[in-house]
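Quick notes on the structure that follows.
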Amino acid sequence: MKKLSIVLLILMVMMAAFANGAKEQATPSKSISLWTYPIGGWGDDAKVKALTDAFTAETGIKVEVQYLTYADGDDKVNTAIAAKQAPDLIMEGPERLVANWGAKGYLVDMADLLDAGDRAELNQATLKACLTADGKLYEYPLVMTAHCMAINLDAFKAAGADKYVNLTTRTWTTDDFIKAVDALYKYYKAPVGAVFCGGQGGDQGTRVLVNSLYGGTFTDAAHTKYTWDSPENVKALKQLYEMPGIVYDPAIAGGDEINLFRNGTFKMAFCWNIAQQPLNDQKTDAGEQIVFMSFPAQNGVAQLNGGIWGFGIFDNGDAEKIEWAKQFVKFMCDGPKTADAVKTANYFAVRDVAGGQDISKIWADDATMNEYNVLMQYLGDYYQVTTGWATARTCWWNMLQAVGAGNDIAASVAKFAADANAAAAAGK
Amino acid sequence: MAQIRKSPLTRRLRRQETVSSYLFLLPSLVFFLGFVILPMALCLFTSFFDSNLNATTPDRFIGLQNYAELWKDPVFIKGLKNTLIIVVVSVPVVTAFSLWIASAIYKMKEWMLSAFRCIFYLPVVTGSVAVTVVWKWMYNNYYGVLNYVFKGLGIIETNVNWLGNPSTALWCIIVILLTTSVGQPIVLYVSALSNVDTSLIEAGEVDGTTKFQNFWKIKWPQIMPTTLYIVVITTINSFQCFALIQLLTSGGPNNATQTVMYYIYYTAFKLYRFGYGNAMGIILALFIAALSAVQFYVAKER
């Protein structure tokens, strides 16, 4: 009797399994997976669902979304690649999609999605960053912005340092920056800003700060070599090290710096962009006015580091899914929902016309975005696609730690830049 | 002498028992092979390759090149030194502190003993991320409670960047490691001390032994298996210190808190050098195995 029960039970389980399989075969569903980093509202499930639902309604293709964080997103994607479980779609910037996963042969070339009209409509610098030297498109761009810095205007006024910033053009010179920090330090008797170097989070801020002070660069124009060992950069690192109002802090990264700026500890933040600006009504926790600024430069005009975000498609060997993924990319980046997709990201569109619609004025009714537009003219070279980027990035903050620890600046810079260039030469 | 013949029934029963024993073992065995033995074999295999997660350039066999490179890599050497410092400091401290606490509480009333066990075990069952976040706040250079208290007591004059200073960062990590490591040893020692044969102690006392002699000559040998277990487990945990480093310092400042375990992760997942990372993993495993073997040998000798 017991044996009979066991046999019956097994049969029932098998029948249920087969029935389920048959059901799945009877109603095939189209579905693709999207993994996205928290790019503005693209990290918010409610906002993203509205967009993917619209795509599903239009095409019948379901989109399963997984949200990544910058803390461990790369690890998850790399593990998925190694296990051959990569998603169909991924949303991030060229430094990951073009210079890393694309260059390593894991992404689909989407150049066939670009016709002559698209090539003309897209922002040229953005398109250049998304294309490889041999013309492969590993990222279809959706949005862009310029990374900048922010100041606590009320604190500046209290210390009499507001006279050093031009609030119309949002620019200041290197000399004015030094004087402002000095005035703030004398007033508050504590460091007012930090060269954070606890990790790679927000490191674009420290890169632009160092590069812009005396006109240094991070890479050469051809993106083949790291040039941060130049005398201009060494001079900037030395200048920052010698300023009592600025600390090299290896215990914090970009996110920590923003928190310390918001809670009033620091009076300026080097890790900032438009996504941060509207939060808390553009005020610190204590209600002081936050103002975004360009980075200081000798002539006042810094070359800001850009942020570009868009979609890449993993080549998982399924031609049908690749085709569906391409439909998704076109729908979001050059289709009826592009304006919503851009607004969800809370950045600027990389084109004025999408899907035949004018999207150049989607932020017309947003005062903050309009104001922020003043910085877009300072957008500099998008060098994050240089070979060896992953190594170079870690070399950068390790170098800052070495400088902050009091090591010889020129020697530290030379050593870490050499390591980064070795990685670039090896194509790693 | 007449040989006892086993009946066919006995043989069949024995075979059935053997088969069912293996069947019971099977699920665990599958997991053990799949998640321990196979990864170990793959780790060893990959360590002989230049494996870099690049679909366009296949993994290249390079023999022992990864192993040779390790000993020329200053970051690995620094990580190995730091790891050994963590092990050398934390293992004796955890063992001695746990034994001291357990000795002090194991004779207490049941409710008090339970309360103390709960208190000391709490950091073990609390998520490591939560523990780390609290410690990060305490160590904070700008508003951390540690600076506030130490300045109030006059121990320091200005704020100390505990995690940002190369001379203090590693010790800060060790302190956190100690608080999260003592819970289990205390519970184990309380149990072991409670099981010590009291008649031997009473006999010793009749013969005039001192408290120290009671401990050293009677209790210590009886709790030796527990001590061995604690020492081995703490050694392995200390060698594998990773979460604290990743969440607090990323190996910085200036590699002051770099450990082999974190460097393996960094090399594999940030620099995509899987072969090199695996070679480090093999070396770490050898270190742990060698040290554990020494500990077993010493304990056996005693």
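The values are calculated or read from the model by the stated rules, or taken from the named source; none is laboratory data. Source: prediction; values computed, not measured. A quick note on method: Cβ atoms are made from the backbone with ideal geometry, for glycine too, and the neighbour counts reach across all protein chains shown.
Some observations on this one:
- Meets criteria (in contact (Cβ under 8 Å) with a residue 40 or more places away in the chain, out of contact with any helix residue (DSSP H, G or I) (no Cβ under 6 Å at 6 or more places or on another chain) and among the hydrophobic types (A, V, I, L, M, F, W, C)) for B:ALA203: no
- Leading residue by the ranking (nearest to the other protein chains (Cβ to nearest Cβ)) among those in the range B:226-251 that are part of a loop (DSSP other than H, G, I, E, B) and more than 8 Å from the chain's Cα centre (by Cα): B:SER250
- Filtered by the rule that a residue be surrounded by 23 or more Cβ atoms within 10 Å (Cβ to Cβ), away from chain B (no Cβ under 13 Å) and touching a residue at least 60 places away in the same chain (Cβ under 8 Å), the range A:246-283 gives A:ILE246, A:MET268, A:ALA269, A:PHE270, A:CYS271, A:TRP272, A:ASN273, A:ILE274.
- Scanning the range B:258-302 for residues that are in a helix (DSSP H, G or I) and free of Cβ contacts under 8 Å to residues at least 12 places away in the same chain gives B:ALA268, B:PHE269, B:LYS270, B:LEU286, B:ALA289, B:ALA290, B:ALA293, B:VAL294, B:TYR297, B:VAL298, B:LYS300, B:GLU301.
- Set B:TYR276, B:TYR266, B:TYR272: member being surrounded by 17 or more Cβ atoms within 10 Å (Cβ to Cβ), within 12 Å of chain A (Cβ to nearest Cβ) and at positive phi: B:TYR272
- Output for the range A:82-96, where each listed residue is more than 13 Å from the chain's Cα centre (by Cα), buried (at least 19 other Cβ atoms within 10 Å of the Cβ) and among the hydrophobic types (A, V, I, L, M, F, W, C): A:ALA86, A:LEU89, A:ILE90
- B:ASP59 vs. criteria in contact (Cβ under 8 Å) with a residue 60 or more places away in the chain and either crowded, with 16+ Cβ neighbours inside 10 Å or of a type outside the set (Val, Ile, Thr) (or both): yes
- Selection count where residues are over 20 Å from A:GLY306 (Cα atoms) and away from every other protein chain (no Cβ under 14 Å), scope the range A:86-119: 12
- Of the listed requirements (1) more than 14 Å from chain B (Cβ to nearest Cβ); (2) among the hydroxyl-bearing types (Ser, Thr, Tyr); (3) surrounded by 23 or more Cβ atoms within 10 Å (Cβ to Cβ), A:THR59 misses just one: (3).
- Within the range A:94-101, not a single residue is at pLDDT below 95 and over 27 Å from A:ASP134 (Cβ atoms).
- Condition check for A:ALA390: over 25 Å from A:TYR241 (Cα atoms) and either buried (at least 23 other Cβ atoms within 10 Å of the Cβ) or touching a helix residue (DSSP H, G or I) at 6+ places or on another chain (Cβ under 8 Å) (or both): yes
- Restricted to helices (runs of 4 or more DSSP H) entirely inside the range A:109-219, those with at least 3 residues that are assigned by TED's automatic domain parsing to the domain that holds A:GLY355 are A:116-121, A:124-130.
- Any hit, the range A:386-395, residues being outside any loop (DSSP other than H, G, I, E, B), away from chain B (no Cβ under 14 Å), under 28 Å from A:GLU139 (Cβ atoms) and of a type in the set (Phe, Trp, Tyr): no
- Considered as a group, the residues in the range B:40-66 that are assigned to a loop (DSSP other than H, G, I, E, B) and hydroxyl-bearing (Ser, Thr, Tyr) include one that is nearest to the other protein chains (Cβ to nearest Cβ), and that residue is B:THR56.
- Residues satisfying the stated conditions in the range A:399-427, i.e. within 10 Å of chain B (Cβ to nearest Cβ) and out of contact with any helix residue (DSSP H, G or I) (no Cβ under 6 Å at 6 or more places or on another chain): A:LEU400, A:GLN401, A:GLY404, A:ALA405, A:GLY406, A:ASN407, A:ALA426, A:GLY427
- Sole exception among (1) buried (at least 21 other Cβ atoms within 10 Å of the Cβ); (2) more than 14 Å from every other protein chain (Cβ to nearest Cβ) for B:ASN141, by number: (2)
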